[in-house]
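Structure first, then comments.
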Amino acid sequence: MLEISIIKVVDPGCLWGKVVKGPGMQAENPREYEDLQTKMNLFYHDVNLEVQEIKPTTLEEGQLCAVFCPVLKSWCRATVESLFVGTVGSQAMCFLVDHGERFIINTDEYVQLIRKFLQLPFRVRRFQLARIYPMRLKVSISTETAELVPSPCWDVSATKYLHNLLKVSTLVEAVLCETNADCTAVELYLTIRNVKICVNDDLVVKKFACYSSEKAITEEQNESLDRSLVSLAWDMFSRPQQILEMNGCCTVRSHFPRVILFIGGRQIVYFLHVLTVKIKLAMMFCPVCQIVCYEPSRRGVLVHSAVTVNPCSNLSLAPITEQFRKVICLSVRKYNGPGLAESYAWPSVARGCDTVLVVHGGNDPLTYIPPLLAQLQMASVFSALNTRKGPIAVILCPGWEKVQYVLDLLEDSQAAASLHPAAVLLGLKKDEAKNAKIQKNCQLLVTTPFSLARLLEVHCFLFLRLCHLVLDEVSELYSRAPDQVTILKHFREVAREKSLECSQQIVAVSNQWSRELDGLITEHMVSPCVVVTVPEEAAVYGGVLQTVLLCLDCNKTSVMLSSLDFSPSVPQKTLIVTNSVEEVEHVYKVVNTAAFSLKAHEGLSYQFDFVVEQWKKDIGSGTQVILVTTNDSMKALGIRDATCVVHYGFPGSPKLFGNRLFCMSDNFQNQAKKVLSSSSPVVRSVMLLSERNARHVSGVLRYLKRTCATLPPELLQFSEGVQQAKEEQKIGRALCSHLKSLGFCRWESAVCPDRHIINRTLDHPLHPDSGTIQVLPLYIKSANVYYGRIVSQKQDQFKDLAAEMNSHYTEERVFAKDVVKGGLYAVHEEEEYHRVCVTKVPDKEDKLFSSVTAHFIDDGYVQEVKSHQLLQLPSEFQSLPGQAVEIILCRVQPIDGEMDWNPKVTRAISLKIKGKLHQAKLIKCLGSTVWVDPMIRVTRVPGLSSFINEYNVHDEIIATGMGTINSQHLELLKTLCFGEEASAAVVPSESERLLSIDNKKKSLPRKN
């Protein structure tokens, strides 16, 4: 039996209702339908919506669509029931499938229903009372007699009687009898004053209906039947209150056996029959329309360009070569076509325009490489520059990792094979730049600013036909090498040569806007095209003045009022954004008395057109117009000309924050025009920061530092407290690896997941922290970080253990049967037996052989080992603790502000020192990590008792040309060990080219 709710009664043969709950059915969540209603209102009331694009091409009976209901003041899902020509033109009768209402609407007011609004089933279903038919009174004038006969339609009194019963009932239940496409036949049961009655039988008792079998008999015999069943104590003339006052009850005849039970004084009638009903829920889908908005601001994209940029919506129309298009489609990357960033970036790059791209995927080369290759492979470029030598295009990347990634992408695609791409990475070794060779047919060069600067010093004539310069991750380039981007000066000098027939192009790509990009546009670009797809970065570009006001949550309203100018000297349009409808109403009451104010939220979506009309009216000086709204309503209103945005409700994400700021995009300064207009209004953002938003303080501060905003001392102090609390939460994690190897973290400590303060328990020294020791590096992690053992000059316990293990396994080798995580085992590798601790045991499934992840506790490295190679480790070999220590060589770091060592340096040092005994001076010890300086290979002269220093590892690293001195390393270690938090933004000296990185460097895109 199902519990249902009747929404509307047309007659006993047409009841509109919804299923509340029942066996095997999920209870309806009213909130879901309320959210659906809100989303539909926000979508179809969006002032930027192209209505003509969502108009149905044809309108047919039974078609599903969306209509606006003036009575409900809301957009609703509806089906077309009939079409006709009315007094005002073509009209249609529609039925609201979630409300059970019908009304007439002009056919030109229908719109298509988007697929996302069809995820919920229709809320209202049509029911009819089963196995009964309506009756009417037939009067014969000639015989002066009257009799009840079956009727094709229900009498009005029957409908009124049923309506009254439903009013006084406390529970409505139904038994499904038959399910048709458009209707479900049920036996309806109502509970009134603890008495459950069957409405079907009651209508028969009251002579409003007859059973289906009686209808057939009546039609055949035309005889009146005995329907004199005992009536209930109420009738068709009883008002609902009278029905409640009467407790009369009767047994009602039915064609099914029944049992009357009394449970707790409640009388319940049950029919002893079983109904097997299969409910088939079918959802009707209309043709789904795809809405394409070509206005960039509607998509949250800022485009400032001297020429019109038409976005490409699909890969087939993209301005790229056919070969690269095939590569993208067939590659394992599963590229789905140009996204939002590429749709605007590709056309601009392909046209040869100077372009600045600030996009979410600013570290992905696919943002610019496909159209760049198409531009480079044009026949006109080759014909104009074939008389000269050297590359036509240079891609500058921030580091060697990105250089290698871009080169791999070009080589894998094979679309740039004719350009013969090459990479150049130069170090500080003497004459390295002079001896560098670039193949003659290389037309596309990938390198770093430092390497290119060194190359230009000795081979400047190789770049005389340079036409295209790409600055990949340009904000990172300026952060690492502000003085080394000398290629821009060379680029301008080449442009002055009259003999150069091909125009030049600069493409700068980043994931955030920086102040250096202002100078790049004004000094080095001609008719630039600026594309920003990250709204919060568009605000930085547009010069939005950021103001942060600290306050208690209970005082937000008064602080907000103090920040507003209600008598401005210039016209002001202020947008106050809240996080709830209740906040909208509260703020509106406060500001409405001080200035002309408007409000808009989900409950007032039918007034959006009026609000937008009032907002767009011209206002004079001294006028302040205020609009109070919510986040969702703000998006639907499509406002772009605000001069001030007040964040009354804190934005919970950068995306939401950016969407709010983008409401002022029409007033952003246009740097593509080179000459900024003095009449442009000053746009500002006011953020109210309360104690409830403490966890967002670090993110807010990182953003504000890039906007040149005045930061309140209280905010800085509060941020320090929050940062300290976050560091204390990470007290149980490992010490930051870059903090140990370089002295500072490559990220901000707020972003880095590792610890940056001393934990006296975890960092308690396990080895001496001073004196001279002998170290044996066994695993070279990087050029200055190794894992190995400290070799005792008196008694080497590990040497004795290794001899015993070798002797034991020579006689007996028992393989491990059950491998468990954390267990100690032995592995035979390189003619030696090693102790390992299993750190990961994957599911074996049906594999005959499987691998486990093992940590070699005496060597320090981790690698996969075949499980069948693991040997049982006797207990006498487990007593000695793991001998591996982490050895860090101090005062050395990668050149050019790199955070990671070039693999060829690590490889060279590994070949030099691995497995060889070195003498080192201890600087510090924390846990199982020791810092040494210097670290020297000492060898004995054959035949003599003398020793000589064969090499100094520190000098060997510097000699590769890829390393430089890090003189601040020891001082930073002392700061760390004195208990002070090691700063993640320490700015080393310029002479060593160590640059602080204010923002987390995003990882490179991975190739699948």
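Structure notes:
- Scanning the stretch 956-976 for residues that are part of a loop (DSSP other than H, G, I, E, B) and at pLDDT below 90 yields a count of 1.
- Qualifying residue in the stretch 737-759 (condition: within 30 Å of C890 (Cα to Cα), basic (K, R) and not in a helix (DSSP H, G or I)): yes
- Restricting the first member to the stretch 690-703 and to residues that are closer than 10 Å to V548 by Cβ, and the second to residues that are among the hydroxyl-bearing types (S, T, Y), the beta-carbon pairs closer than 8 Å and six or more apart or on different chains are V697/S719; L701/S719.
- Of residues in the stretch 64-122 being of a type in the set (G, A, S) and under 42 Å from the mean Cα position of the chain (by Cα), the one surrounded by the most Cβ atoms within 10 Å (Cβ to Cβ): A78
- Residue in the stretch 842-851 that is open to solvent by less than 20 Å² (accessible area, probe 1.4 Å) and in a strand (DSSP E or B) present: no
- Complete set of residues in the stretch 18-57 that are open to solvent by 80 Å² or more (accessible area, probe 1.4 Å) and assigned to a loop (DSSP other than H, G, I, E, B): P23, G24, Q26, T57
- Of the residues making up the stretch 124-131, not a single one is more than 30 Å from V156 (Cα to Cα) and not basic (K, R).
- Any chance D518 is farther than 22 Å from L376 by Cβ, modelled with pLDDT of 85 or more and either touching a strand residue (DSSP E or B) at 6+ places or on another chain (Cβ under 6 Å) or surrounded by fewer than 17 Cβ atoms within 10 Å (Cβ to Cβ) (or both): yes
- Verdict on V682 being part of a loop (DSSP other than H, G, I, E, B) and of a type in the set (A, V, I, L, M): yes
- If you check E245, E214, E223, E173 for being surrounded by 16 or more Cβ atoms within 10 Å (Cβ to Cβ), of a type outside the set (K, R) and modelled with pLDDT under 80, only one passes: E214.
- Any hit, the stretch 696-703, residues being open to solvent by 20 Å² or more (accessible area, probe 1.4 Å), within 30 Å of L552 (Cβ to Cβ) and modelled with pLDDT under 85: no
So that you can scan it fast, the table gives a plain yes or no per residue for (1) in a loop (DSSP other than H, G, I, E, B); (2) without any contact (Cβ under 8 Å) to a residue 40 or more places away in the chain; (3) of a type outside the set (K, R); (4) open to solvent by less than 20 Å² (accessible area, probe 1.4 Å):
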{"residue": "G822", "(1), (2), (3), (4)": "yes, yes, yes, no"}
{"residue": "H828", "(1), (2), (3), (4)": "no, no, yes, no"}
{"residue": "Y833", "(1), (2), (3), (4)": "no, yes, yes, no"}
{"residue": "A854", "(1), (2), (3), (4)": "no, yes, yes, yes"}
{"residue": "K904", "(1), (2), (3), (4)": "no, no, no, no"}
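- Test: residue in the stretch 949-965 that is open to solvent by less than 20 Å² (accessible area, probe 1.4 Å), touching a Gly at 6+ places or on another chain (Cβ under 9 Å) and closer than 23 Å to E832 by Cα: no
- If only residues of the stretch 738-761 that are at pLDDT below 90 and among the aliphatic types (A, V, I, L, M) are counted, the one that is surrounded by the fewest Cβ atoms within 10 Å (Cβ to Cβ) is V751.
- Taken as a whole, the stretch 130-140 holds at least one residue that is at negative phi, touching a residue at least 12 places away in the same chain (Cβ under 8 Å) and part of a loop (DSSP other than H, G, I, E, B).
- Residue that is farthest from H468 (Cα to Cα) [pool: residues in the stretch 503-515 that are open to solvent by less than 10 Å² (accessible area, probe 1.4 Å) and at pLDDT 90 or above]: W513
- Residue check, D609 under 17 Å from G638 (Cα atoms) and at pLDDT below 90: yes
- Screening Q546 against (1) at pLDDT 90 or above; (2) in a loop (DSSP other than H, G, I, E, B) leaves a single unmet condition, (2).
- Residue within the stretch 614-626 that is of a type in the set (D, E) and crowded, with 16+ Cβ neighbours inside 10 Å present: no
- Across the stretch 911-955, the qualifying residues are those that are assigned to a strand (DSSP E or B) and polar (S, T, N, Q), and the one among them that is nearest to S741 (Cα to Cα) is T929.
- Qualifying residues in the stretch 704-736 (those that are aliphatic (A, V, I, L, M) and in a loop (DSSP other than H, G, I, E, B)) - the one surrounded by the most Cβ atoms within 10 Å (Cβ to Cβ): A709
The values are calculated or read from the model by the stated rules, or taken from the named source; none is laboratory data. Fair warning: this is a prediction, and the values are worked out from it, not measured in the lab. All Cβ positions, glycine included, derive from the backbone under ideal geometry; neighbour counts span all protein chains shown. The area values use the complete protein model at the heavy-atom level, side chains included, leaving out ligands, DNA and RNA. Shrake-Rupley method; radii C 1.70, N 1.55, O 1.52, S 1.80 Å.
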